[in-house]
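Shown next, in structure tokens, is the structure this report addresses.
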Amino acid sequence: MRARGALVPTASIGPGTAVQTLSGTVTALFVFETYDRRTSVALYGLRVVNQSASTLICRIWAVTRSGAPVLAYPVPFEIKPFSTTAAQVPVRPHEFDSFERAMAEVSGDEVRCLVQTVSLPKPPRRGAGSAAVACGAFALLALAGVVAGATALSAAQPRIAAFAVPPMALSGTTVQAEYAASGAGTLAYQITAPDGHRLQGGTLAAHSGAIPVALPASTDSGAYTLQMSMQGPFGNVKEVRVLNSLPLKRGGGAQVASVQVAPIAARPGQAIAVSYAANADAGYVRLTGSDGAIWAQKPFSPSGSTAFIVPPVAGTREMRVVVHVTKGGSTAESSAGFIVSATPSAPVAAAAAAPAPQIAGDDGSTQTSTAEAGANGTFQVTTPVVPSGGSIHVQILSPRNDMRISLNDATHEVSGHVVRSDATTVTLAAPAVKVPTRLTVMANFTDGFGQESIVEPVTVRP
């Protein structure tokens with residue numbers, strides 16, 4: 001039975017929203033991407049940037065014509081503190097009575113907002129008898145021109161479906177303003193500085209994407225105005241957002257304010273752009289698999305941007321970009337995920353729906369992981385390959401503040417423990433599996449001014 005309930009948002013409904021809480025910022029984007037009439041599956045793009053200290057839960061709902069929400073995707077997405085979740089979500093509209101649109105609910109401590117998409121195109125009705133078809137054929141032909149004209153006019157009307165901007169960011173850093181638009185017309189944007197001068201702007205060739213916004217370094221706070229407009233023969237639309245710039249504390253410790261990847265769904269061999277805001281002197285940016293394998297690494301760039309080429313991987317899987325920085329004696333780390341699909345027509349969210357990445361016949365010998373490169377200085381997995389339902393032994397090499405050791409699959413935490421300051425080992429319970437499964441042991445802790453995460457892979461065999 002599908003879950004039903006009444007959703008009352010604490011933030012305005014729209015395809016994109018940004019919420020400021022006492023513990024940080026939450027930005028969410030949920031847009032309709034495509035509908036496959038052959039499989040009757042609608043794909044939605046989901047991206048949640050959690051820059052707060054709270055763990056968030058995102059559920060996908062279907063909104064019917066009566067307004068009653070019905071759970072549309074069985075698995076909720078968990079967004080850990082100071083992390084980014086990006087995925088494509090498949091929804092089957094024909095399974096719901098009078099399906100209107102899909103909606104993402106993001107909730108947690110001090111946060112509850114709804115992000116709503118546009119309505120789906122109406123699919124053709126089924127089940128009409130041949131006699132009814134014959135009788136209606138002439139009428140349909142007569143009205144074909146009118147219907148086609150009305151449909152074309154509706155599709156050509158300018159519409160800004162999403163324009164998501166973080167409510168605040170550190171000065172001297174680069175953030176991403178994500179957008180999606182449709183219709184006929186010229187799409188343009190403009191960013192105005194607090195003193196009124198034009199910071200950047202121009203026309204946009206693509207109707208969806210992300211705009212890198214480079215905030216000038218300043219010792220004062222200020223409000224930047226971001227405006228997106230679309231002008232066409234069938235009307236004009238405009239959306240305005242405000243981005244508050246905070247002075248960067250150069251004297252503080254290492255800090256990673258945000259990490260974003262574009263696009264959030266890529267193919268092997270495709271280039272991805274990574275943008276990040278950090279207070280640091282040095283560090284690195286890594287492209288890793290969900291199992292912790294390191295595919296590429298580049299040095300930290302003060303400009304806040306790095307580019308990678310997606311490696312030649314098979315199937316559909318999640319990959320992550322990890323930004324690790326240092327400043328003085330402090331370190332900080334944050335990451336953002338994206339989906340890689342070797343088959344463009346396959347639903348990209350298939351990897352997110354699986355309980356864990358299946359690696360039948362793969363012992364990981366061809367991958368370079370953090371375990372093969374040596375101990376990370378904080379912990380070490382002494383049993384990198386364990387039997388189904390067995391124990392995973394983790395040796396603590398260096399105690400850290402508020403450290404938590406957890407075992408994770410591609411979508412959620414399987415088990416975890418808070419590590420005492422005098423602990424030397426931690427034992428995690430491996431799940432029961434029927435095929436070889438790659439999991440990740442993760443250590444989260446507070447170091448200096450920022451929060452850091454370190455991962456190492458482990459394989460569970462049946």
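What's log10 of I(q)/I(0) for the stretch 160-246 at q = 0.22, 0.26 Å⁻¹, Debye sum over Cα points only, no solvent? Normalising to I(0) and taking log10 leaves -1.02, -1.32. A simple spin-label model places the labels of SER305 and LEU71 4.3 nm from each other, with each point 7 Å out along Cα-to-Cβ. Each label was represented as a point 7 Å from its Cα along the Cα-to-Cβ direction; for LYS434 and ALA314 these points are 2.1 nm apart.
For ALA72, the residues whose modelled amide H falls within less than 5 Å of its own, excluding neighbours fewer than 5 places apart on the same chain, are ILE60, TRP61, ALA62.
Please report LYS327, LYS298 as a ranked list, fewest other C-beta atoms within 10 angstrom at the top and most at the bottom. Write out the running numbers ahead of the final one.
Details: LYS327 22, LYS298 13.
Ordered by Cβ neighbours within 10 Å, fewest first: LYS298, LYS327.
How much length is gained if the chain between ASP281 and HIS94 is pulled fully straight, taking 0.36 nm per residue apart and subtracting their Cα-Cα distance, in nm to one decimal?
Details: separation 187, 0.36 × 187 = 67.32 nm, distance 5.35 nm.
62.0 nm is the gain from fully extending ASP281 to HIS94.
Extending 7 Å from Cα along the Cβ direction at ALA217 and again at HIS393 yields two label points whose distance is 5.0 nm.
Measuring r between the beta carbons of GLN227 and ALA184 and using R0 = 22 Å, the FRET efficiency lands at 0.65.
Starting with the fewest neighbours, write out GLU333, GLU105 ranked by other beta-carbon atoms found within 10 Å of each beta-carbon.
GLU105, GLU333
May I ask you to list the residues of the stretch 199-238 whose amide nitrogen lies under 14 Å from a point 7 Å from Cα along the Cα→beta-carbon direction of ALA156? Correct set: 232-236. Size descriptors for the stretch 16-123: radius of gyration and Dmax over Cα atoms are 14.1, 46 Å.
Could you give the length gained on full extension between SER421 and LYS238, defined as 0.36 nm per residue of separation minus the Cα-Cα distance, in nm?
Details: separation 183, 0.36 × 183 = 65.88 nm, distance 5.42 nm.
Working it through step by step, the gained length comes to 60.5 nm.
Where does each of 213-225, 80-92, 265-277 land if you order them by average Cβ count within 10 Å, highest first?
Descending mean neighbour count gives 80-92, 265-277, 213-225.
Applying 0.36 nm per residue to the separation of THR203 and HIS412 and subtracting their alpha-carbon distance, the gain on full extension is 71.2 nm.
Computed from the coordinates by the stated procedures, all read-outs in this text should not be read as laboratory data. In this text, all values refer to a predicted model and were calculated from it rather than measured experimentally. Virtual Cβ from ideal backbone geometry, glycine too; neighbours counted across all protein chains shown.
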